[in-house]
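Engineer: Below you will find the structure I want to go over with you.
The values are calculated or read from the model by the stated rules, or taken from the named source; none is laboratory data. Everything numeric here is computed off the predicted structure, so don't read it as measured data. Here Cβ is always computed from backbone atoms with ideal geometry, including for glycine, and neighbour counts include all displayed protein chains. Side chains are part of the model used for accessible areas, which takes the heavy atoms of the whole protein and leaves out ligands, DNA and RNA. Shrake-Rupley method; radii C 1.70, N 1.55, O 1.52, S 1.80 Å.
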Amino acid sequence: MAVERTLILAKADAVVRGLVGEVLARFERRGYTILGLKLMQVTRDQAQRHYAEHDGKPFFAGLVDYITATPIVAFVIEGEDVIEGARSTIGATNPIKATPGTIRGDYGQTIGRNLVHGSDSPESAAREIAIFFRDDELFARAHTLGDWIAAK
Ligand code: UDP
Ligand code: MG
């Protein structure tokens, strides 16, 4: 067990279909802590760097088009083994194979329009978080309300 951070992106289908809250709620409900959160327009340069491992594959151009099609909501969450845990909440890459109850299994039809991204390893998470967030946009785990009241 290790406390990790991961990058989650709620992409065009989540934003346009009004599912951002639904996506975010699933991670909050699992107890993960939000460290950073923003609505943003991804540039083509950011998109190509984010998906660099897929450069040259037949679906690469479509992926870049899709992630830049509308503003997206990017967030960084933290928790015990969150990288693997978030991927299990997200579900299999092909939504047809994703188990109902997962985000992709509940809200997706086609692999080329996956509404949510989650980093797949500690190395990917560190690399991807740096593409979307500056250090000063990430906050330390929030204090408890008790700590806050005690400080008053
Ligand atoms: N993708 C696709 N066709 C494929 C494989 C992947 O359109 O045959 C898309 C899909 O939207 C996926 C994204 O490319 O979410 C990134 O692929 P990856 O293998 O990294 O899957 P993920 O980490 O998103 O589950
Ligand atoms: Mg991936």
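Engineer: Would you say ILE90 is open to solvent by less than 70 Å² (accessible area, probe 1.4 Å), of a type in the set (A, V, I, L, M) and closer than 24 Å to ASP136 by Cβ?
Structural biologist: No: the conditions fail for ILE90.
Engineer: Would you confirm, using the coordinates I've provided, whether GLY105 is of a type in the set (Gly, Ala, Ser), closer than 19 Å to VAL15 by Cα and assigned to a helix (DSSP H, G or I)?
Structural biologist: Working: of a type in the set (Gly, Ala, Ser): yes; closer than 19 Å to VAL15 by Cα: yes; assigned to a helix (DSSP H, G or I): yes.
So GLY105 passes the test.
Engineer: Are any residues in the stretch 54-81 within 15 Å of ligand 1 (Cβ to nearest atom) and open to solvent by less than 10 Å² (accessible area, probe 1.4 Å), and if so, which ones?
Structural biologist: Passing the criteria: VAL64, ILE67, ILE72, ALA74.
Engineer: If we scan the stretch 21-29, do we find a residue that is without any contact (Cβ under 8 Å) to a residue 12 or more places away in the chain, under 22 Å from LEU138 (Cα atoms) and within 14 Å of ligand 1 (Cβ to nearest atom)?
Structural biologist: No.
Engineer: I've got another one for you. Does ILE129 satisfy being under 12 Å from the mean Cα position of the chain (by Cα), away from ligand 1 (no atom under 12 Å from the Cβ) and buried (at least 16 other Cβ atoms within 10 Å of the Cβ)?
Structural biologist: yes
Engineer: Name every residue in the stretch 108-117 that is under 14 Å from the mean Cα position of the chain (by Cα) and more than 7 Å from ligand 1 (Cβ to nearest atom), in order of residue number.
Structural biologist: Listed by number, the residues that qualify are LEU115, VAL116.
This table checks each residue for (1) touching a Ser or Thr at 6+ places or on another chain (Cβ under 8 Å); (2) surrounded by 18 or more Cβ atoms within 10 Å (Cβ to Cβ).
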site: VAL23; (1), (2): no, yes
site: PHE27; (1), (2): yes, yes
site: GLY31; (1), (2): no, no
site: ALA47; (1), (2): yes, yes
site: GLU84; (1), (2): no, no
site: GLY101; (1), (2): no, no
